[in-house]
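To start, the structure under review is shown below, and the notes come after it.
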């Protein structure tokens, strides 16, 4: 059986009894960081007897064959990452597919989630939300990424590296506007847990000239079609973003008009105007 164990985000007290028992009894443990695994079990006052195998993003592909052999031999394999659920922006997905392809049972031991914890802390709408993983590392790619989220009506959740936070907020503000509400959730469940709420402009000001440390989860307010309007320049940018993602201009105009509940002619005229101005 493949056992996916959800570990604590920071506070070891959030570890479930099922996860504790599985750690104590699993014959094999694929751990993202063996040192953190040892620290966790020490904090919990338990011991693991299983063989620990290093399994992280950098060696995930090369470890698959070894882990597959363990599973197909009839042994249980427990997967645990540094925090939260395996496979969610962490190693695990490829191994899940292997287990399914070989007809091997999968058991998930539920537990803490940075995504839903941040969503609740943010104070933003919880009825519909999406998770976007980590934001892109480079500014140009990140701006294009934000552009694709301009009309996303669900609350948006993603992870960000602390050393890129200010640049990411600058890109978000440039694309989404300074009035979009958001929250920065830092070091959740840990000693120095902090949640900062405000507009993108306010959060950018907060992040300036400040050393940002720890794990960050960002929550963004979704697009409100009832309160936001678009200039011709906005429509051109949105069409170009769709073209950059592979849509033809005709399809991009049609799909954007439908999504924004606008006549196609309005979007088409905006594109014609931009061409006439040499854009």
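Hey, any hits in the stretch 123-133 for a residue that's touching a strand residue (DSSP E or B) at 6+ places or on another chain (Cβ under 9 Å), modelled with pLDDT of 95 or more, within 16 Å of residue 83 (Cβ to Cβ) and surrounded by 12 or more Cβ atoms within 10 Å (Cβ to Cβ)? Checking the stretch 123-133: at least one residue is touching a strand residue (DSSP E or B) at 6+ places or on another chain (Cβ under 9 Å), modelled with pLDDT of 95 or more, within 16 Å of residue 83 (Cβ to Cβ) and surrounded by 12 or more Cβ atoms within 10 Å (Cβ to Cβ).
Exactly one residue out of 259, 202 is outside the structural domain of residue 10 (by TED's automatic domain parsing), assigned to a helix (DSSP H, G or I) and modelled with pLDDT of 95 or more: that is 202.
Where helices (runs of 4 or more DSSP H) fall wholly inside the stretch 1-120, the ranges with 3 or more residues that are within 23 Å of the chain's Cα centre (by Cα) are 93-101.
A residue that is closer than 18 Å to residue 123 by Cα, at pLDDT below 95, over 15 Å from the mean Cα position of the chain (by Cα) and surrounded by fewer than 21 Cβ atoms within 10 Å (Cβ to Cβ) can be found somewhere in the stretch 179-189.
Going by the structure shown, is residue 147 assigned to a loop (DSSP other than H, G, I, E, B) and in contact (Cβ under 8 Å) with a residue 60 or more places away in the chain?
Numbers: assigned to a loop (DSSP other than H, G, I, E, B): no; in contact (Cβ under 8 Å) with a residue 60 or more places away in the chain: yes.
Considered against the rule, which asks whether it is assigned to a loop (DSSP other than H, G, I, E, B) and in contact (Cβ under 8 Å) with a residue 60 or more places away in the chain, residue 147 comes out as no.
Does residue 214 count as more than 17 Å from residue 152 (Cα to Cα) and either in contact (Cβ under 8 Å) with a residue 12 or more places away in the chain or assigned by TED's automatic domain parsing to the domain that holds residue 175 (or both)? Criteria met by residue 214.
Answer yes or no as to whether residue 193 is closer than 30 Å to residue 117 by Cβ and either under 24 Å from the mean Cα position of the chain (by Cα) or modelled with pLDDT of 90 or more (or both). Here the answer is yes, as residue 193 does meet what is asked.
The values are calculated or read from the model by the stated rules, or taken from the named source; none is laboratory data. Predicted model, so just to flag it, every value in this text is computed and none were measured. When we count neighbours, we look across all protein chains shown, and the Cβ atoms used for this are built from the backbone with ideal geometry, even at glycine.
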